[in-house]
Every structure is written in C-alpha cells, then in structure tokens.
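Student: Have a look at this one before I ask anything.
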Ligand code: KG4
Ligand code: ZN
C-alpha cells in the first residue's frame, strides 16, 4: 500500500520536490523559483524554464529527502505533474520521475496539475491544517498565471468544471498590466503592493461577463483597456498615479472573481469554498473573499501561500491517494499541454 511518495512538479517556472503522506502530511517541500531568469524577458520563456528545471531538479530531490530525514526506503512511489503545462518543462519532471522509478524499482504516476491545486487545502504540516469541518463537497476557484476556472469538487476524481476564462487568465492580466506600467515581472504581487495606498474607484475599467448567467469569465477586454489607459495617460501621469491605477485595475479583477464565486456558491448550494493558485495570494481578493464568505455564512479556506502557488506537495497528495487506489502510469506515459477529457466532467 502506498503511504508516502516522492513528488515532482515542473509544469511552469517553479521546480519543486516534496515528500508527502497519503494523509496530506507534508514531510518536506523544497522549491527553486526562476523569477530572476525570466525577469529580463518580462515573462516566462519555455526553453529557459525547461533548462533550469533540469539543473535544479536532482539537487532538490536530495534536499527533500534530507529535510524530511528520510531515504528512498521510506517512499513507496513517485508522483509527477504530467499535464497541463509547458511541454518542455513537463518533460524534464516526467523523464526524471521515470528514470528514478526504474532505478529505484518504484511505481510512478502522472498527475494533473489542476487537481493538485484543487485538493491543496487538505495538506498539513506543523504550521497549517485545514479547519476540522473542512471536507467535500466544495466550490473551488483556481486562479493562476495560466488558469482561471471554477469547479465543484465532490471527492477525489469527481470534479465538475463550472466555468472558466474564455481568454486570458487573471494572473496573466495582472502580469501584463504590471509590465506595461513598468512594474516588472512577476507583476501580480507588485500591483498588490502598489494598490494598497491607491483608490480602487479612481479609474474605470471594464468587468466583462460579470452579469452573464454563466460561470465563465473574460479578462482580455480588461487587459486591452488597461493598455489604452496607460497609453492615454502617458509615462509621467502613469508614474504619478500608479497606486490609483493599480488599485482600480485590481478591483476590476476582484469584482469579477467574487461575483462568479458568489454565483457558483449559490447555484451549487455550497457550504464550503476554496481559493487556490498564485493569484489567491492577492491581499485585496483575500479580504473581499473573507468579507463575502462571512456575510454568506460560508466556510472559506485559502491554503497558505506555499501550497497555493505551484508546489510538489499538492501533486504528491493527489498522487498518493490515487496510487493507494492502485493507479500507476506506464513507462511510455507522455506529457500533455492540456487537461485530459477524463480528468474533469
Ligand atoms: O500558481 P502560480 O504560482 O503559477 C502558475 O501556475 O501560474 O501563479 C502565478 C501567478 C502570476 O500571474 C502572479 O503574478 C500571480 O500568480 N500572483 C499574484 C500575486 N502573487 C502572485 N497576483 C495578484 N496578487 C498577488 N499578490
Ligand atoms: Zn499552478
């Protein structure tokens, strides 16, 4: 029976390795960020991401064992993100997992990255545990640089996609606006900081599809509107009004996310809601979501940042549960830039 796994995540620009129990207990999680390598390009360069994963990965495997005070004898399987993501980046994690599985005579399993994000609230360590009454079913909003989707989560492997962005992800929108405003990369956290002293109603930005009777979203109109606004104002005015611009732009994204969350919770008659993915680090979104959940009498769980952003612990948790059910991947399993149709309903 699989109780504990070594887990690898390389789907985007974070290299991460963890040792995780099937119960969700995280013995160790170690990650290497590539922000500095991509910053000068103003975004993630897939080739550079793949190259850096191949440099960082094996030393991180060693570090994960060391930090957990464990050896290969203590794990019964290897889990690895194999979809969706940047294919070149996924391949590095996948071939490493396969080679390790072969040499250590362990089974391995390819895991869907988004499934990891959706079950991340169940992770536990010395500083974090989900509230005692937290369980399935719940509504989950996964918001990152690549995804903005709403799900109804009923149990392991039982996920219904309620809606998703039709175009850009919320994180991408944050990052592009930050880049255009001269704030650099990655921009989400810089907009968040800048917005703290700004007026969220100083500038008007569109809130596409906010009243639409679906769970779908669209952020490309907001991105273009942000670009037009910055061009019209010109560099001097932009510089002088950055806090107001950031606060107003951020508010437009947060308004849409909260409206869709509210609709999903109502329609699914949810009692519990989670936020996950890098954008759930946003302080304004957190504050607004907490206020909203309290008003509606909902249990809101936002995992700590280390489990919200890309990490191998969430992949290990999902993988360990699935391996304990008898699932394994064949040695010719490939990576995929997309989610499989069978992953979600
Ligand atoms: O989940 P994640 O670490 O990686 C992806 O799978 O994309 O999410 C990264 C995204 C980036 O777009 C980043 O700008 C955004 O999360 N982000 C934030 C904040 N911190 C990270 N967006 C808004 N406010 C933040 N505080
Ligand atoms: Zn992610």
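Student: Taking only Cα atoms and a 10 Å spring cutoff, compute GNM fluctuations for the chain and point out the largest among 35, 125, 192.
Tutor: Between 35, 125, 192, it is 125 that shows the largest mean-square fluctuation.
Student: So what does log10 I(q)/I(0) come out to for region 57-183 at q = 0.11, 0.19, 0.21 Å⁻¹, using the Debye formula with one equal point on every Cα and no solvent?
Tutor: Each listed q corresponds, in turn, to -0.56, -1.23, -1.26.
Student: If you don't mind, there's one more thing I want to ask. Sorted by packing (mean other beta-carbon atoms within 10 Å per residue), highest first, where do 313-326, 134-147 land?
Tutor: Ranking, from highest mean packing down: 313-326, 134-147.
Student: 222 nm [θ] for the chain, helices only, -39500 (n - 2.57) per DSSP H run of 4+, per residue, to 500?
Tutor: Only helices count here, giving -14000 deg cm²/dmol.
Student: Evaluate the distance, in nm, between pseudo-label points positioned 7 Å from the Cα of residue 128 and of residue 220 along their respective Cα→Cβ axes.
Tutor: Output for this residue pair reads 3.3 nm.
Student: Return the Rg/Rh ratio of region 102-160 with Cα-based radii and a Kirkwood Rh.
Tutor: Rounded to two decimals, Rg over Rh is 1.05.
Student: Continuing with the same structure: If you fit an axis through the alpha-carbon atoms of helix 46-68 and take the longest principal axis of the Cα set of the chain, what angle between them do you get, 0 to 90°, nearest 10?
Tutor: The answer is roughly 60 degrees.
Student: If I model a spin label as a point 7 Å beyond the Cα along the Cα-Cβ vector, how far apart are those points for residue 23 and residue 212 in nm?
Tutor: Those two pseudo-labels are separated by 4.4 nm.
Student: Between helix 312-324 and the chain, what is the angle of the helix's C-alpha long axis to the longest principal axis, kept within 0 to 90° and rounded to the nearest 10?
Tutor: In the chain, helix 312-324 runs at an angle near 50 degrees to the longest axis.
Student: With axes computed from alpha carbons, what is the tilt in degrees of helix 87-104 against the longest principal axis of the chain, rounded to the nearest 10 within 0 to 90?
Tutor: For helix 87-104, the angle is close to 20 degrees.
Student: For region 62-117, what does the alpha-carbon gyration tensor say about shape, rounded, prolate or oblate, given a ≥ b ≥ c as the root eigenvalues, a/c under 1.5 as rounded, and a/b over b/c as prolate?
Tutor: prolate
Student: Next question, about the same structure. Could you work out how far apart the two model spin labels at residue 338 and residue 104 are, taking each label as a point 7 Å from the Cα in the direction of the beta carbon, and quote it in nm?
Tutor: With each label point 7 Å from Cα toward Cβ, the separation is 3.3 nm.
Student: Give me the Kirkwood hydrodynamic radius of region 138-302 in Å, from all C-alpha pairs, to one decimal place?
Tutor: Kirkwood hydrodynamic radius for region 138-302: 15.9 Å.
Student: Kindly provide log₁₀ I(q)/I(0) values, in the same order as q = 0.09, 0.14 Å⁻¹, from the Debye equation applied to equal alpha-carbon scatterers of the chain.
Tutor: Those come out to -0.48, -1.11, one per q.
Student: Next up: At what distance in angstrom do the alpha carbon centres of region 217-246 and region 268-345 lie from each other?
Tutor: Between the Cα centres of region 217-246 and region 268-345 lies a distance of 31 Å.
Student: To continue, here is another question. Quick check: from the Cα gyration tensor, does region 234-325 come out rounded (a/c under 1.5), prolate or oblate?
Tutor: oblate
Since every read-out is calculated from the coordinates, none of them should be taken as a lab result. For clarity, every value in this text was computed on a predicted model and none was experimentally measured. Cβ coordinates were reconstructed from backbone atoms using ideal geometry, including for glycine residues, and neighbour counts include every protein chain displayed.
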